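The block underneath contains the structure these notes are about, expressed in structure tokens.
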Protein chains: 2
Amino acid sequence: MAETSDPVLVEVLRGDRVESRHRGAVVVVDADGGTVLALGDGAQAVFPRSAVKVIQALPLVETGAADAFGFGQKELALACASHAGEAEHVRLAASMLERAGLDETALECGTHWPTRSEATRELAREGRTPNALHNNCSGKHSGFLCTCCHTAHETAGYVKPGHWIQEEIRAALEAVTGAEHSEANRATDGCAIPTYAVPLRNYALGFVRMASGQGLEPERAVAAKRLMTACMAEPFYVAGTKRADTLMMEAGAGRLFTKTGAEGVFCAAIPELGLGIAIKCDDGQARASEVVVAEVAARLFGKDDALGARLAEMARPAVRNWNGETVGSVRPAAALS
Amino acid sequence: MAETSDPVLVEVLRGDRVESRHRGAVVVVDADGGTVLALGDGAQAVFPRSAVKVIQALPLVETGAADAFGFGQKELALACASHAGEAEHVRLAASMLERAGLDETALECGTHWPTRSEATRELAREGRTPNALHNNCSGKHSGFLCTCCHTAHETAGYVKPGHWIQEEIRAALEAVTGAEHSEANRATDGCAIPTYAVPLRNYALGFVRMASGQGLEPERAVAAKRLMTACMAEPFYVAGTKRADTLMMEAGAGRLFTKTGAEGVFCAAIPELGLGIAIKCDDGQARASEVVVAEVAARLFGKDDALGARLAEMARPAVRNWNGETVGSVRPAAALS
């Protein structure tokens, strides 16, 4: 991460005073790599975390595994998801594994209570505890396992660098983003697979390529479009009830792809405008990156577009107290507007 | 909040790369107001949020309410707490109200599920839902209500600016911090009471005054010492299982007072050194402010003091993935060391 100072992109107000502020960087590029918007350091190397799951899912489609197991848009969306551990997410991940003759014991992502607090309380009320299917990455990992089964690769150890599926993913990430992915820029993600830090600008380029197909091999372009279309068609399976990706893609109705990643990362694409977007909030907070992606997309669609207006609203959430009274707000800072 | 750039105080690493970073300001002063350490903008006006609960509890002691209701150190600690909603916290808050002839319906702080996820799951497993006693501020509000009952003031509307208890608290905050608290710098806290933005440096001064008594009226100095001593003696009741304030004050064994506030605020005092500490992380994240307060206190005690060494460890927590493997770390940045 650059030592230079990224601008303040988001302000959190209590009453009419700024209480907290978030710095970060944004890059928007077209399919030729031309810069449409750049704030902060777009050259800084960033771990994308879960924001690149749609790229990590390319082998699932490209190997024919998705078709062999009869996966529709919901399954493909779940393979690109950071889901909230709701009952529908868990059931669908289990069904993906079952079609490959596996169950949750094959998952190597680890276990955590559902991200959605209501889902956690529902489990607890039923006297149950979570398993690896409740992990927000279980759909992605199920996709990895199905790809391994379909291609007759060993499933044990599929999360480790050097395993066939992780090498396929590394090659896909490298081809799509145009940036080197190697041991030198590798670390371990929360779900145990490798994650690579590459310049923020390369994610913006990667996402416009995924959306447009420009710069990708023809077969890859088809797979990319299929995955992005699935996510936009089934946004509940990409995230879950009332979550940012779900709300933005529901509002977008096929015109906007977004995907959050841990530590303040967001990647997005606007197919009709041929634009890719990449965001990193320096401090890693989702409340800031969610505002930035909504505001940037709002600006790109424009105020006269109903979707632009809706996204601009989403970029200005209220802060409420425990009695439900509005006591503040979150808003894009001057640098963004 | 100042427009100038506060320094990076905390870095979050994944592997050996900085993944996220947190900026902020720190002020350490002695009881004469002399500056011992200053990083970032100490003149910026900051909402202290829950970090000043020990000051807000002064009327409970000073009016004689605490003695009239037979409150010991646990009750006083809970009156200064942002507790985790664990069963012991809820029971004690209920018992404080009961001694004043009240129950949870008198609380105007609002309701939320317990901060500690295990406590939330325990409630859900029992088929229960939370009430206002589970609100992290219920001990403080119970203290307010007991003070109103003891002094024969109306309890309804006790959270509103202008109510007698809020005026008493405002006067105490003003006297202790030496900064004006008025409608001009007032907003509403998460638990519905007023919160005032005053310069960060004034909190550092306020906390050394609370710890030393210097600069306070004699009766107030006794009340301040009694409250701080209670918090240091019963840190579980100030926060809860495995929470930062509890861990630091347990380690401190009477030598360190700390109190977190929402949006990245921390106030602390080291009685034996006669020092007050105030911290604001610009982006409002507790993971950063917890590291800053531990590192600053570690430096002030020094490496050769076992407490200093323990706090320095706390200032360098590991980042783990869902399989429990260490994949990164959080550490004080260069400006802090």
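The values are calculated or read from the model by the stated rules, or taken from the named source; none is laboratory data. What you are looking at is a predicted structure, and each value in this text was computed from that prediction instead of being measured. Because the Cβ atoms are built from the backbone with ideal geometry, glycine has one as well, and the counts that use them run over all protein chains shown. SASA here: full protein model, heavy atoms, side chains in, ligands and nucleic acids out. Shrake-Rupley method; radii C 1.70, N 1.55, O 1.52, S 1.80 Å.
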### Message
What's the total number of residues in the range A:165-178 that are surrounded by fewer than 21 Cβ atoms within 10 Å (Cβ to Cβ) and over 17 Å from A:ALA269 (Cβ atoms)?
### Response
5
#### Entry: Those residues of the range A:165-184 which are on the phi < 0 side of the Ramachandran plot and touching a helix residue (DSSP H, G or I) at 6+ places or on another chain (Cβ under 7 Å), in sequence order
A:ILE165, A:GLU168, A:ILE169, A:ALA172, A:LEU173, A:VAL176, A:THR177, A:ALA179, A:GLU180, A:HIS181
### Query
On the given criteria, is A:ASP245 more than 14 Å from every other protein chain (Cβ to nearest Cβ) and either buried (at least 21 other Cβ atoms within 10 Å of the Cβ) or of a type in the set (A, V, I, L, M) (or both)?
yes
## Note on the structure
Only unsatisfied item for B:VAL26, checking (1) within 11 Å of another protein chain (Cβ to nearest Cβ); (2) in contact (Cβ under 8 Å) with a residue 40 or more places away in the chain, is (1)
### Single residue of the range A:310-319 satisfying the filter (more than 26 Å from A:GLY213 (Cβ to Cβ) and in a helix (DSSP H, G or I)) that is nearest to the chain's Cα centre (by Cα)
A:MET314
### Task
State yes or no: is A:SER337 within 14 Å of chain B (Cβ to nearest Cβ) and among the hydroxyl-bearing types (Ser, Thr, Tyr)?
no
### Residue check, A:ASP41 buried (at least 21 other Cβ atoms within 10 Å of the Cβ) and either within 14 Å of another protein chain (Cβ to nearest Cβ) or over 20 Å from A:TYR196 (Cα atoms) (or both)
yes
### Query
Would the range B:196-204 turn up any residue that is surrounded by fewer than 19 Cβ atoms within 10 Å (Cβ to Cβ), within 14 Å of chain A (Cβ to nearest Cβ) and under 30 Å from B:GLY24 (Cα atoms)?
no
### Message
Cβ-Cβ distance below 6 Å, separation of 6 or more or different chains: which pairs start in the range A:102-121 with a residue that is away from chain B (no Cβ under 11 Å) and end on one that is open to solvent by 20 Å² or more (accessible area, probe 1.4 Å) and of a type in the set (S, T, N, Q)?
### Response
A:GLU104/A:ASN131; A:ALA106/A:THR155; A:THR115/A:ASN136
### Message
So in the range B:320-334, with the set limited to residues that are part of a strand (DSSP E or B) and in contact (Cβ under 8 Å) with a residue 40 or more places away in the chain, which one is nearest to the other protein chains (Cβ to nearest Cβ)?
### Response
B:VAL327
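Okay, residues lined up against (1) assigned to a helix (DSSP H, G or I); (2) open to solvent by 20 Å² or more (accessible area, probe 1.4 Å); (3) in contact (Cβ under 8 Å) with a residue 12 or more places away in the chain:
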site	(1), (2), (3)
B:GLU250	yes, yes, yes
B:ARG255	no, yes, yes
B:GLU263	no, yes, yes
B:GLU272	yes, yes, yes
B:LYS280	no, no, yes
B:SER289	yes, no, yes
B:GLU295	yes, no, yes
B:ALA298	yes, no, yes
B:GLY308	yes, no, no
### Task
Tell me, yes or no, whether the range B:126-136 has at least one residue that is within 12 Å of chain A (Cβ to nearest Cβ) and among the aliphatic types (A, V, I, L, M).
yes
### Task
Could you pull out the residue among A:HIS22, A:HIS83, A:HIS89 that is in a loop (DSSP other than H, G, I, E, B), of a type outside the set (Val, Ile, Thr) and out of contact with any Pro (no Cβ under 8 Å at 6 or more places or on another chain)?
A:HIS83
### Query
Just checking, which of B:GLU272, B:GLU263 is of a type in the set (D, E, K, R) and within 14 Å of chain A (Cβ to nearest Cβ)?
B:GLU263
### Summary
How many residues of the range A:169-195 are of a type in the set (Val, Ile, Thr) and within 13 Å of chain B (Cβ to nearest Cβ)? The answer is 3
### Whichever residue in the range A:8-23 is under 25 Å from A:LEU200 (Cβ atoms) and in contact (Cβ under 8 Å) with a residue 40 or more places away in the chain and, among such residues, is farthest from the other protein chains (Cβ to nearest Cβ)
A:LEU9
### Query
Does any residue in the range A:219-237 that is touching a residue at least 40 places away in the same chain (Cβ under 8 Å) and part of a helix (DSSP H, G or I) come within less than 6 Å, Cβ to Cβ, of a residue that is open to solvent by 50 Å² or more (accessible area, probe 1.4 Å) and of a type in the set (Asp, Glu) six or more places away or on a different chain, and which pairs are these?
A:ALA223/A:GLU62; A:PRO235/A:GLU250
### Message
Can you tell me how many residues within the range B:182-203 are among the small types (Gly, Ala, Ser) and out of contact with any Ser or Thr (no Cβ under 9 Å at 6 or more places or on another chain)?
### Response
4
